[in-house]
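Have a look at the structure below, then the notes.
The values are calculated or read from the model by the stated rules, or taken from the named source; none is laboratory data. All of these numbers come straight from a predicted model, not from anything done at the bench. Methodologically, a virtual Cβ is constructed for each residue, glycine included, from the backbone with ideal geometry; neighbour enumeration extends over all protein chains shown.
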Amino acid sequence: MRYTLPGKNLGARMEQMNRFTKNLHYFSPTGKAGLIILSLFFLMAVFSARLTTHPHDVSSGKALMPPCFDHVLGTDDIGVDLWSQLVYGARISLLVGFLTAGISGCFGALVGMFAGYTGGWMDRFFMRIIDGMMVLPDLPVMIVLAAFFGPGLAQVILVLSLFSWVFTARIVRSRVLVIKQKEYVIYARISGAGPVYLMRKHLFPEVLPLVWVSMIRLAGKAIVAEAGLSFLGLGDPTSRSWGLIIYHATRFPGIYYTRFWTWWLLYPFLALSGMVLALAFVCRDLETLADPRMNQKISGGV
Amino acid sequence: MPGDPFLFLSGDQGEQISAYSDEQIRQYKACYGLDQPIFRSYLSYLADLFRGRLGQSLYFNESVGHIVLRRLPWTVFLVCGAILFSTVLGTALGSLSAFYRNRLLDNVLYGFMMFFSEIPAFLIGLFFLFVFAASLGLFPLSGALTSFSPDRSVVQVLKDIIHHAVLPVAALSLTRLGGMYLLVRNIMISIIPKAYMRTARAKGLSRYRIFIRHGLRNALLPLTTRIFMSLGTLVGGAVLVENVFAYPGLGLMISQAVMVHDYPLIQGIFLVITLLVLSANLMSEVLYRVLDPRVKDGEG
């Protein structure tokens, strides 16, 4: 992870990287475990082709075989190797999670900064929208939108981003409001600093840690939401998302009366839980690092 | 919305989907008003709404209002049950943790809560389903009531309903539990050292009385805030959990409706759910004023 700030020189960047790696030591044991698990998933996603011997989208063995030497985690109902599906599914989860986080994080940060800085009726207008969207039951709306836009990864990411940006916007706006009152900002404004300069030099660096934290949290939520949508059958049916594996497993007639679930359902379940938990632990530690004041009172799962 | 509802009308799952003739399709469309230009049908939909009619379901051939009314109580039951359970248990465990803070009980509970609050509700639901229902056979696999039973007394029916509801409600509550627990724990930790608590103890009030009347009172407002803020997510979780447990609520209905592209039904359910959540939030504003007269306008 590198801070890539526009207009900063190399020295400042290096210093920030050093500060970051030093901060890693402050991670709690769970945070470190989370980071390790996340990197494992990341490696799994990147090196999928090297890690699997069977194709992930074509039947390669007998259907519903239990874990054995040839198929490490067994096969599903059409004979596709489960381990390959899991490994390629990691790609989908990570892609959806971080793309959504990136898009909605950036957009939310921009809106939040703009609203916080501008103030007045425009700020109130955005706040109304944000409050309204935060209160809406997101999953039903996402279901309808996902069904409307059709299956497909891009559509899922779009729908998820549509709902995630509000969280970042809210946090960023609060912080901007606080910074706006600070003396050096007031002096800069009096001295004639334009809004772009203020945002670039003062607001943006202060807000950035919050944005990172918010993005990681959003990534977790997006991964869960994508799994949920796939579980309902609304995700991309060509992708081997973990939620989709669970979808097929639970739609298999008689799944409850057989032993197939001990591998077919268990491993995607473990993979999803593992990734979500890892992200959550990392997120918690980042929160305490980024802003020690907002540690215990506010965090604690959403 | 892409997808022709008449494709699904003409065949069940697994059956041959026969095509309707053009004449029949035109007849159906006229019947459901689908042949009018979009603007007109939107206006007539709004007009119907004001009269209280939500339209006719294309797949079930029944009034959308009736379908929604039949399913709504189950979803409300799940959501309210989850709120109740998570709030009560969260408060109890949070206070316990605050009382024994930093000792073993606190650390164990804290770790436990942190772990379970992050796992999404439908995954927990799946876990419960397969471990407690399928493997151990302790709970039923689906539905809200055992169908085809002979006449039973009210008590037996109630017991049956609760028996079916335990797993879904538990799955939904576990996700909220962590948040409530943490909130109460933190508030109580900051309250306990305060001077007035010591005064109350010096006055000779019992520990319970102090705890509840003076201590937990502070948690009341943040708890209600948290409950209402999370209502939207809770409803979303209920949708997924209903799908896991085949619980006959609005959640299951909306996913079935989306499968068959039953537009009026989707619109109706979606409208009802959103309106309910929004009005609950509006009600919460009134509730704040009642709970704490100090709350000024524009707060929260």
note = Output for Cβ contacts, cut-off 9 Å, separation at least six or different chains, first residue free of Cβ contacts under 8 Å to residues at least 12 places away in the same chain in region B:85-111, second among the acidic types (Asp, Glu), reads B:Tyr100/B:Asp106
Verdict on A:Val276 being in contact with a Pro (Cβ under 7 Å, 6 or more places away or on another chain), crowded, with 23+ Cβ neighbours inside 10 Å and within 14 Å of chain B (Cβ to nearest Cβ) = no
inquiry  = Step by step: first the residues of region A:284-302, then only those that are touching a helix residue (DSSP H, G or I) at 6+ places or on another chain (Cβ under 6 Å) and more than 9 Å from every other protein chain (Cβ to nearest Cβ), then the one that is modelled with the lowest pLDDT. Which residue is that?
reply    = A:Asn295
request  = Output the number of the condition that A:Ser214 fails; it satisfies all remaining conditions of (1) over 17 Å from A:Gly89 (Cα atoms); (2) more than 8 Å from every other protein chain (Cβ to nearest Cβ); (3) without any contact (Cβ under 8 Å) to a residue 24 or more places away in the chain.
outcome  = (3)
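Quick grid of which residues meet (1) surrounded by 14 or more Cβ atoms within 10 Å (Cβ to Cβ); (2) within 25 Å of B:Ser97 (Cα to Cα); (3) under 25 Å from the mean Cα position of the chain (by Cα):
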| residue | (1), (2), (3) |
| --- | --- |
| B:Lys159 | no, no, yes |
| B:Asn186 | yes, yes, no |
| B:Met197 | yes, yes, no |
| B:Leu216 | yes, yes, no |
| B:Pro222 | yes, yes, yes |
| B:Phe228 | yes, yes, yes |
| B:Thr233 | yes, no, yes |
| B:Val241 | yes, no, yes |
| B:Tyr247 | yes, no, yes |
message = Given the criteria farther than 26 Å from B:Leu278 by Cα, under 27 Å from the mean Cα position of the chain (by Cα), outside any helix (DSSP H, G or I) and of a type outside the set (A, V, I, L, M, F, W, C), does A:Asp70 qualify?
response = no
request  = Please work out which one of (1) surrounded by fewer than 20 Cβ atoms within 10 Å (Cβ to Cβ); (2) within 10 Å of chain A (Cβ to nearest Cβ) is the condition B:Gly251 fails and give its number.
outcome  = (1)
message = Being away from chain B (no Cβ under 14 Å), in contact with a Leu (Cβ under 8 Å, 6 or more places away or on another chain) and at pLDDT 85 or above is true for just one of A:Val111, A:Val172. Which residue is that?
response = A:Val172
message = For the structure I just gave you, tell me whether A:Ile143 is within 26 Å of B:Ile273 (Cβ to Cβ), touching a residue at least 24 places away in the same chain (Cβ under 8 Å) and more than 8 Å from chain B (Cβ to nearest Cβ).
response = no
remark   = Checked region A:119-160 for anything within 21 Å of A:Lys182 (Cα to Cα) and surrounded by 15 or more Cβ atoms within 10 Å (Cβ to Cβ); matches are A:Asp123
query = Among the candidates B:Leu234, B:Leu240, B:Leu183, which residue alone is under 30 Å from A:Ile246 (Cα atoms), touching a Lys or Arg at 6+ places or on another chain (Cβ under 8 Å), among the aliphatic types (A, V, I, L, M) and within 14 Å of another protein chain (Cβ to nearest Cβ)?
reply = B:Leu234
query = Within region A:233-284, how many residues are among the basic types (Lys, Arg) and under 25 Å from A:Ala219 (Cα atoms)?
reply = 2
ask   = Within region A:60-77, can you find the residues that are among the hydrophobic types (A, V, I, L, M, F, W, C) and surrounded by fewer than 12 Cβ atoms within 10 Å (Cβ to Cβ)?
value = A:Cys68, A:Phe69
request  = Check whether at least one residue in region A:206-219 is of a type in the set (S, T, N, Q), surrounded by 17 or more Cβ atoms within 10 Å (Cβ to Cβ) and within 21 Å of the chain's Cα centre (by Cα), and report yes or no.
outcome  = yes
key: Hits in region A:114-129 - residues which are in contact with a Leu (Cβ under 9 Å, 6 or more places away or on another chain) and more than 24 Å from A:Arg217 (Cβ to Cβ)   = A:Gly119
ask   = Would you pick out the residues in region B:162-180 that are away from every other protein chain (no Cβ under 11 Å) and in contact (Cβ under 8 Å) with a residue 24 or more places away in the chain?
value = B:His163, B:His164, B:Ala165, B:Val166, B:Leu167, B:Pro168, B:Val169, B:Ala170, B:Ala171, B:Leu172, B:Ser173
request  = Out of the residues in region A:36-59 that are surrounded by fewer than 17 Cβ atoms within 10 Å (Cβ to Cβ) and aromatic (Phe, Trp, Tyr), state the one that is nearest to A:Met275 (Cα to Cα).
outcome  = A:Phe42
remark   = Scanning region A:234-264 for residues that are in a loop (DSSP other than H, G, I, E, B), within 10 Å of chain B (Cβ to nearest Cβ) and buried (at least 22 other Cβ atoms within 10 Å of the Cβ) gives A:Leu234
query = Does any residue of region B:212-220 turn out to be within 13 Å of chain A (Cβ to nearest Cβ), out of contact with any helix residue (DSSP H, G or I) (no Cβ under 6 Å at 6 or more places or on another chain) and either over 30 Å from A:Ala147 (Cβ atoms) or aromatic (Phe, Trp, Tyr) (or both)?
reply = no
key: Conditions (1) closer than 24 Å to B:Leu278 by Cβ; (2) in contact (Cβ under 8 Å) with a residue 24 or more places away in the chain: number failed by B:Ile187   = (1)
inquiry  = Can you tell me which residue is farthest from the chain's Cα centre (by Cα) among those in region B:259-270 that are aliphatic (A, V, I, L, M) and more than 10 Å from chain A (Cβ to nearest Cβ)?
reply    = B:Val260
request  = Out of B:Leu182, B:Leu205, report the one residue that is surrounded by fewer than 19 Cβ atoms within 10 Å (Cβ to Cβ) and closer than 30 Å to B:Asn107 by Cα.
outcome  = B:Leu205
